[in-house]
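Encoded as structure tokens, the structure appears first; notes follow it.
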Amino acid sequence: MADTTGRVALVSGANRGIGFAVARELLNNGYLVSLGARRPESLARAHGPESESLHFAEFDAFRPESANEWVEQAAARFGAIDALVNNAGLAEQFTLLDENEDVLDRLWEVNVKAPMRLTRLCLPHLEKSGSGRIVNLASLSGKRVRNAFVGYNMTKFAMMGLTHTTRHVSWHKGVRATAICPGFVRTDMSAYTDKIRPEDMIQPETIAHLVRTAIELPNNAAVAEMLVNCRLEDTF
């Protein structure tokens, strides 16, 4: 696309980390951006006040009606929705031997059902655009397994299924869906690991650039998956 000025993008979980970087990348390149977070005040602290090109809304994966409210508000505010970035995610640890499944239920709600819900609500707007885009922030844990965190791994594999199903369902209406699957990104979510130094991790700004690339590719050059490594992966 030659000119993206005025295109409207929704980004979930944009108060920090990858979501924050995505929001800044899009704003700095002429997009109108609606950001969703459980606490909209956290968005104001991160990005400053709302403006003609920036809108805040409550989006709580555990309150399904908030997805409807956010999409309706964004469409009313900007008159269209051209892109959806499903970034919000949860990385609580749930292993195969854990008997209490409360954590698993939360992982499923945030990592799978919430992005599926937003996809369903945004599709009519994205189809109307003729070049609608959905970018799902997945993980290399959705492509291979290298730890015991079965809950996280299961939900990221499920997000890959969501992405490919979306491509199948909406392709003929000009909608393109891409899953971005990074390894360790230098955010709070990766702070637990000592496998790699923070300075050697992928930078959030790099992922943000890839998100914008996926959004701006033409309909006849769609990329279904982007696998992003910060260390050698020999399984692909």
Report task. Could you tell me whether Glu199 is of a type in the set (Asp, Glu) and surrounded by 15 or more Cβ atoms within 10 Å (Cβ to Cβ)? Result -> no
Query raised in the report: From the residues in segment 202-236 that are closer than 21 Å to Met159 by Cα and loosely packed, with under 11 Cβ neighbours inside 10 Å, which one is modelled with the lowest pLDDT?
Result: Phe236
Requested in this report: Could you tell me whether segment 97-108 includes any residue that is surrounded by 13 or more Cβ atoms within 10 Å (Cβ to Cβ), modelled with pLDDT of 95 or more and closer than 27 Å to Leu210 by Cβ?
Outcome: yes
Requested in this report: Could you check Asn111 against (1) under 25 Å from Phe78 (Cβ atoms); (2) buried (at least 19 other Cβ atoms within 10 Å of the Cβ) and say which number it fails?
Outcome: (1)
Report task. List every residue pair whose Cβ atoms lie under 6 Å apart, where the two residues are 6 or more positions apart in sequence or sit on different chains, the first residue falls within segment 128-140 and is farther than 18 Å from Val169 by Cβ, and the second residue, located anywhere, is open to solvent by 20 Å² or more (accessible area, probe 1.4 Å). Result -> Leu137/Asn87; Leu140/Gly183
Report task. Could you tell me whether Ala224 is in contact (Cβ under 8 Å) with a residue 40 or more places away in the chain and touching a strand residue (DSSP E or B) at 6+ places or on another chain (Cβ under 9 Å)? Result -> yes
Query raised in the report: In the set Thr187, Thr155, Thr165, Thr178, which member is within 20 Å of Asn87 (Cβ to Cβ), surrounded by fewer than 18 Cβ atoms within 10 Å (Cβ to Cβ) and among the β-branched types (Val, Ile, Thr)?
Result: Thr165
Query - Scan of segment 41-55 for residues that are buried (at least 19 other Cβ atoms within 10 Å of the Cβ) and closer than 15 Å to Asn87 by Cβ, ordered by number - result: Leu43, His47
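From the list Glu205, Glu199, Glu216, exactly one residue is farther than 15 Å from Asp82 by Cα, among the charged types (D, E, K, R) and touching a residue at least 24 places away in the same chain (Cβ under 8 Å). Which is it?
Values: Glu199 fails: touching a residue at least 24 places away in the same chain (Cβ under 8 Å); Glu216 fails: farther than 15 Å from Asp82 by Cα.
One residue alone meets the criteria, Glu205.
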Report summary line: By residue number, the members of segment 24-74 that are touching a residue at least 60 places away in the same chain (Cβ under 8 Å) and hydrophobic (A, V, I, L, M, F, W, C) are Leu26, Trp70, Val71, Ala74
Report task. Looking only at segment 184-194, decide whether some residue is touching a strand residue (DSSP E or B) at 6+ places or on another chain (Cβ under 7 Å) and of a type in the set (S, T, N, Q). Result -> no
Report summary line: Ala75 fails exactly one of (1) open to solvent by 10 Å² or more (accessible area, probe 1.4 Å); (2) in a strand (DSSP E or B), namely (2)
Requested in this report: Consider Ser141 carefully, then state whether it is outside any loop (DSSP other than H, G, I, E, B) and within 21 Å of Met201 (Cβ to Cβ).
Outcome: yes
Query raised in the report: Any residue in segment 4-15 that is in a helix (DSSP H, G or I), within 30 Å of Gly183 (Cβ to Cβ) and open to solvent by 10 Å² or more (accessible area, probe 1.4 Å)?
Result: no
Query raised in the report: Could you list, in sequence order, the residues of segment 6-46 that are within 19 Å of Ile202 (Cβ to Cβ) and of a type in the set (Lys, Arg)?
Result: Arg16, Arg24
Query raised in the report: Does Ala61 count as under 19 Å from Thr206 (Cα atoms) and at pLDDT 95 or above?
Result: no
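The values are calculated or read from the model by the stated rules, or taken from the named source; none is laboratory data. The shown structure was predicted, so the numbers you read here are calculated from the model rather than taken from an experiment. Because the Cβ atoms are built from the backbone with ideal geometry, glycine has one as well, and the counts that use them run over all protein chains shown. Ligands, DNA and RNA are stripped out before the accessible areas are found, and what is left, the full protein with its side chains, is counted by its heavy atoms. Shrake-Rupley method; radii C 1.70, N 1.55, O 1.52, S 1.80 Å.
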